[in-house]
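The values are calculated or read from the model by the stated rules, or taken from the named source; none is laboratory data. It should be emphasised that the depicted structure is a prediction, and the values quoted were computed from it without experimental measurement. Ideal geometry is used to build each Cβ from the backbone, glycine not excepted, and the neighbour counts take in all protein chains shown. Each accessible area value is taken on the protein alone, full model and side chains, heavy atoms only, with ligands, DNA and RNA left out. Shrake-Rupley method; radii C 1.70, N 1.55, O 1.52, S 1.80 Å.
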Amino acid sequence: MSTTEHAPSEHAPADLATTVYTTMESPFGRLLLSGVRPEGGGPAALATVTAPGQKYALAEPADDWVLDPEALAEPVAQLTAYFAGERTEFDLPLAPVGTEFRRRIWAALDAIPYGTTVTYGELAELAGQEPRMVRAVGGAVGANPLLIVRPCHRVLGANGALTGFAAGVDRKRLLLELESGTLF
């Protein structure tokens, strides 16, 4: 995955960036996408992708978010191509918010190739953590704000079971089937 992290500067005034959002239809239902748009306008760095009923995620935009489909047109186009089986990687500027530990785990998710899976222990090792840290790694994976774009669906239990997915195990199965070519 070719992505660029764009964290808002700790020294920049809060009004230099605007949180924008849009929605799109998907096999999961209506996805909610949010991003950080620079003061001067233009494309937004993607901050969240959430599905209906997803644990620990907003179902609706926050009151201070601004509807701006144009600023998030590229993430919508890339997700649409992914669901159509035409894209295997995302190439987007990203702006997720999380602790250093979570960001390290999320970056390791990016290293899992399309159509493959790893266990939580293997993901811990990819992130430079001890394999025994699987619970902490699982917590970070569950807090992934970029559903689908950051492929947390490619992480399985130690025995290969489809464990945990904030958007539901059936949706995890759907994504893995899409990537293995057994769907459509």
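Before moving on, here are some points about what is shown:
- Here the 3J(HN,Hα) profile of segment 89-94, calculated from phi with Karplus coefficients 6.51, -1.76 and 1.60 at θ = phi - 60°, is 9, 10, 10, 9, x, 10 Hz, Gly and Pro shown as x.
- Rg to Rh quotient for segment 16-70, alpha carbon positions, Kirkwood Rh: 0.98
- Note on the chain: helix-only mean residue ellipticity at 222 nm, from DSSP H runs of 4+ residues weighted -39500 (n - 2.57) and normalised by residue number, equals -8000 deg cm²/dmol.
- On a per residue basis, the convex hull of the C-alpha atoms belonging to the chain measures out at 109 Å³.
- Carbon + sulfur, % of accessible area of segment 34-127 - ligands and nucleic acids excluded, 1.4 Å: 53 percent
- Secondary structure note: in the chain, about 65% of the DSSP beta bridges are antiparallel.
- Placing dummy labels 7 Å off each Cα toward the beta-carbon, the span from residue 177 to residue 103 is 3.7 nm.
- Counting only protein chain heavy atoms and rolling a 1.4 Å probe, the accessible areas of 28, 101 rank, largest first, as 101, 28.
- Accessible area, probe 1.4 Å, largest first, for residues 64, 91: 64, 91
- Residue-normalised accessible area of segment 18-57, given per residue in Å² at a 1.4 Å probe: 43 Å²
- Computed lengthening from residue 60 to residue 125, 0.36 nm per intervening residue step minus Cα-Cα distance: 19.9 nm
- Size of segment 77-116 from its Cα atoms: along the principal axes, largest to smallest, the extents are 33, 22, 12 Å.
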